Structure formats: structure tokens, C-alpha cells
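Have a look at the structure below before the remarks.
The values are calculated or read from the model by the stated rules, or taken from the named source; none is laboratory data. Fair warning: this is a prediction, and the values are worked out from it, not measured in the lab. Cβ sites come from the backbone with ideal geometry, for glycine too, and all protein chains shown count toward neighbours. Ligands, DNA and RNA are stripped out before the accessible areas are found, and what is left, the full protein with its side chains, is counted by its heavy atoms. Shrake-Rupley method; radii C 1.70, N 1.55, O 1.52, S 1.80 Å.
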Amino acid sequence: MGLIVQKYGGTSVGSVQKIQAVADRVVRFRSEGHQVLVVLSAMSGETNRLLSMGREIGGETVSRREMDVLAASGEQVSIALLSMALQQRGLGARSFLANQISIRTDGAHGRARIEKIETEGIRQYLEDGIVPVVAGFQGVNEAGDITTLGRGGSDTSAVALAAALEADECQICTDVDGVYTTDPRIVESARRLSQITFEEMLELASLGSKVLHPRSVEFAGRYQVPLRVMSTFVEGPGTLITMESEEMEQPLVSGIAHTADEAKITVAGVPDRPGSASKILGPVADENIEVDMIVQNIGVDGLTDFTFTVKRQDYDQAKSLLVGIAQELEAGEVVGDKEIAKVSIVGVGMRSHAGVATTMFDCLAAENINIQMISTSEIKISVVIAERYLELAVRSLHNAFQLQVPAEAE
Ligand code: ADP
Ligand code: ASP
Ligand code: MG
């Protein structure tokens, strides 16, 4: 018996029927004697629908404050419906928006960070046997305005609440029964991991595995929140995100992540002298455009090519900014490519083994997939390739590192 924070994602609350099923699941945990706090996403598709209406009216210059007011409304619907379903089952339940708790964030609309959560009121409800049903994805800034945490941010709401309440476990309940070696929608033979380390999960989430919002993993690591990803609909242990792996022998590669939401920009013929990189990237950072991979070629005849990747949504703005900068630097043309994808292999076992990169590059070469950029850290290797090869690359790498379900277990 203890305090469990359960987060249900969009597909888990995608219809009235599914909300009824979630209510049954919550009742089951309560009847086992646990205190339960629920965090919900909006019904599936709802956040997309809201945001596209906002963009239709507001276009490029849409007010970020109003977009947050709009986007946060999706969660208001689901928390009310689940609270009603719980009450129908004879359970005390009460819905809460972020300002009622309060979940305080900074003022960065659309990608706000949680700074502080008031727990006193919520604790009292839990003590009284009430199930608080909290709107995920949203917060409130110093001025009292609604903020949102970025797409997929309800995971972070849940882990932050679990940390603040020192919960015994935070369960991310979703449409897959755990964290897999790669996205099971791409590789059918992907294998569920019974556990994965925080470090690896943080890399996977940051590199595109959308099963967990990266900041939720960061929170769980920082505040030592026991975190589990599991299915809403099928019983099972799911995947536990652990501080350290108990296995002595670490697999070289634990998982493969991919993302197709980046774009690359190249400034050709940049004068090869001190200060060029900062003149290119400084103004990009000033516009709050996040830069991911950076590659600068060896200079020839005093000139070099400078390439970097940005989020695809920032591509147009970054490119037009760069055209002006290139002129100032007396550099050559600015070219870009939106049809790229990033594929990454992640594993703590990489630390102690050479040759992982070679296996990765050999595998891609065998499929005739050209590597455009490479970046590495201690426990990951990422490559940029043409987007049309994304699925082929993920499947081939999954085979090359033998991540599939072993034949005898099928
Ligand atoms: P929710 O709406 O419950 O938050 P998401 O769609 O955000 O669910 O996340 C679950 C999805 O994440 C899965 O349906 C799956 O396609 C995708 N996914 C990507 N990588 C992985 C992975 N390594 N393991 C499990 N699921 C993954
Ligand atoms: N509803 C929000 C989204 O679709 C937050 C979430 O689902 O986690 O991004
Ligand atoms: Mg999600």
C-alpha cells in the first residue's frame, strides 16, 4: 500500500468507453488500498485539433499566450469526465486544473518548465480518500497565466507531482505495454525491456522515442522517482526505469530512437577564421532556435562549410536569418534540406566496447544508406540520413544489434 501517481495518455482516454475502463482500473488500485492520484492527457487527437484551429486564425504571429489557453483546454474535458466516472463508481474524486493546485512554471509559453508544486491541499484530499484527477501538460506562470509544457508534457506533469508528493511509484499508462527496443510501430519484432536505466531512457526520449517526454525522465532521475511505463488495457509489469541496471553484462545497444522532425542548413564558403562559428550560431540562439548537431569541415583555401540541424518547425526562420548572416560574413550560399531524419543507437554497454560504431556504419552501408552527419556521446551514436530511408535504417540496425525477440521466446 502506498501512493501511486497514474498518468493516462490520449489514446487511453480517447473515448467515453475508454474513460470508463480507466475508471475501473483506478477503482481496482484504490480497492487494493493504495492512494491514487491521476494525471490525464487530452482525448487523443484533441490537442492537434485545438492547435490547428489556433494556427488557422493566428498564423505565424499567433499569440503564444492564447495558444496555451486554447491547448490546455483539452485536458479540462478529460479530467471532468474521469472524475464523473469515478464518482459514478462510488469513489470520491475531484478534478484539478494547474492553477488550482498550483503547478507553477516559468513563463515560456508552449515549452514551460515546472518550478514548484504546492502539495498541501492535494495531500489532504489523498488523506481523505479522494482521488485527485489533475490536468496534465499545463501549468501557471507567476502572472497567473496558463502555460503548457510542450507536446507530450503530461508525462512530466505526472513525474513532477510524484516527486513533489514523494509517491511510491509513478505509472505512465499508455497504449504499449512498456518501453521497447525500438518503436514497435516500426519494427514488429521489437522486444519489451523489463527494465532500462535512467541514462539510457533519457537519451532515447531526447532522441525521439516519444513513449516518454524527455523532461519526465530528467525529473525522475533528479528526484529518484520510481517510474514505470505500462499498458492501460493489458495487465503486466511494463518497464521499470532504474537507477542502475542489475545485470552484470550490459547489452551493447539497449534501444534505437528516431526522429523525423529536424532539418539541416549548410552555409558554404565560410571564411575559416576565429569567430565564424559564433557569428553564425549566435544570432540563431538569440532567436531561441535550438541547434542540435554541428559539423564544420576542414578548411580548403581559407574557406569551410558549416552545417547544423534545427527543429523542422524552425527551419524557415533559421534559413532566412542565415542568408543575412552569410552576406555579412562574405560567405557563399545557404542551402538546406528538410527531408532528413536522425537515427540513434543507445546503450550503456557502449562505454566499455569499441566497434559499436563500425557495426552501425557497416549495417547502413550494406543497405546503401548514406550517412550525412554523425554525432556521438559516451552512450549513443546518432546519424543523419535521408528521411526516405528512416524505417529501413531502424529495421536493419535492430537486426544488426540482435535486439529482436529471441526465436525460442516467440
Ligand atoms: P500517450 O498518448 O499515452 O502519451 P504516446 O503516443 O505519447 O502515448 O507514446 C506511446 C507511443 O510511443 C507508442 O504507441 C509507440 O508507438 C511510441 N514509441 C516510440 N518509441 C517507443 C519505444 N521505444 N517503446 C515503446 N513505444 C515507443
Ligand atoms: N495533450 C498534450 C499533447 O497532445 C499533452 C500530452 O498528451 O502529454 O501533446
Ligand atoms: Mg505521450
Among the stretch 195-227, those whose backbone N falls under 19 Å of a label point 7 Å along Cα→Cβ from residue 186 are 200-214
Answer check: the chain, Cα atoms, Kirkwood Rh, Rg/Rh ratio of 1.00
Answer check: the stretch 324-410, Cα atoms, Kirkwood Rh, Rg/Rh ratio of 1.13
The rounded separation in angstrom of the Cα centers of the stretch 248-278 and the stretch 99-153 is 34 Å
Contact order relative to length for the stretch 221-296, counting C-alpha pairs under 8 Å separated by 6 or more residues, stands in percent at 15 percent
Plugging the Cβ-Cβ distance of residue 295 and residue 32 into 1/(1 + (r/R0)^6) at R0 = 56 Å yields, to the nearest 0.05, a FRET efficiency of 0.55
On the formula 1/(1 + (r/R0)^6), with r taken between the Cβ atoms of residue 362 and residue 100 and R0 of 51 Å, the FRET efficiency rounded to 0.05 is 0.35
Expressed in Å to one decimal, the Kirkwood Rh of the stretch 140-179 from all distinct alpha-carbon pairs is 12.0 Å
Each label sits 7 Å from Cα toward the beta-carbon; between residue 277 and residue 118 the label points are separated, in nm, by 4.7 nm
Length-normalised contact order of the chain, Cα under 8 Å, at least 6 apart, in percent, tallies to 13 percent
In the chain, lysine pairs 8 or more places apart or on different chains with C-alpha atoms under 21 Å apart total 22
Note to self: with every protein chain in place and a 1.4 Å probe, the chain gives an accessible area per residue in Å² of 48 Å²
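At 1.4 Å probe size, with the rest of the protein present, what percent of the exposed accessible area of the stretch 344-410 is carbon and sulfur atoms?
46 percent
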Reduced to Cα centres, the span from the stretch 1-74 to the stretch 297-363 in Å works out to 36 Å
A 1.4 Å probe over the protein heavy atoms gives the stretch 290-331 a carbon and sulfur accessible-area percentage of 45 percent
Within the chain, the percent of DSSP beta bridges that are antiparallel, given to the nearest 5, stands at 60 percent
